[in-house]
Amino acid sequence: MITKTVIAGMLTAVGLVLGSGDAQAAALAPHEKTTVAPNGMSITVGHQDNAVNPVAPMNFMRTSRQVYVDNTSYGRVDGGTGKIRTGVFVACAVDLDVKFTVSASAGVDLDASAGIGIGTTGVTPSASVDISPKIGGSVGFTLAITPGKIADIKLGEKQIPPGGTGYIVTRDYRITADGCGGPLTVQAYTIIEATSSEVDAADWVMGDPVVM
């Protein structure tokens, strides 16, 4: 369809392909921390088998990202009880919101001014883009750019058995981000919360961030 072709061409023309589509699977280092409270209660939190595997998005749009995440989170409490929580922080550098309008008008050039322009070297104010050649319709668009937000994707929560170790095992958890300009950052985390009659304690570990 003409509309699909135009949309794809406009996205390429205004430089929205700010991320690399060639990121490779990353196997990441394990992390572990142990904290001892004044009453002797000890808490240990860690994770291992952390990996991030980027794949091509199903919609084939360069403004979408899709990754599969592996992680094994664990926690131990000596002298109390507790639980672990695990998840993934996901953040785009720039959030994009593109709205298109289509109207019939034969034999005109596409011309769009959005108040900002995106080129191969970055964002410049008060720029415009011209798209050619002529097609059998006119397409306008409004592009809103806002700073990227950090999303907290919670993957699970587990009570730790007394005197034992609690685990949360995640394999091939799919994460999809749409409307993403610039690189996407993915970072796993594990939090432990413990309590005894005298102490409440908490700690966490962060995985290595993967940027794609």
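Each reported figure results from applying straightforward, stated rules to the coordinates on display, with no laboratory input. Everything quoted here is computed from the prediction, not taken from an experiment. Backbone-built Cβ (ideal geometry, glycine too); neighbour counts: all protein chains shown.
Quick notes
- Each label was represented as a point 7 Å from its Cα along the Cα-to-Cβ direction; for residue 172 and residue 56 these points are 1.9 nm apart.
- Amide proton proximity set for residue 94, modelled H, under 5 Å, gap of 5+: 148, 181
- A Förster radius of 22 Å, combined with the Cβ-Cβ distance separating residue 81 from residue 198, puts the computed FRET efficiency at roughly 0.95.
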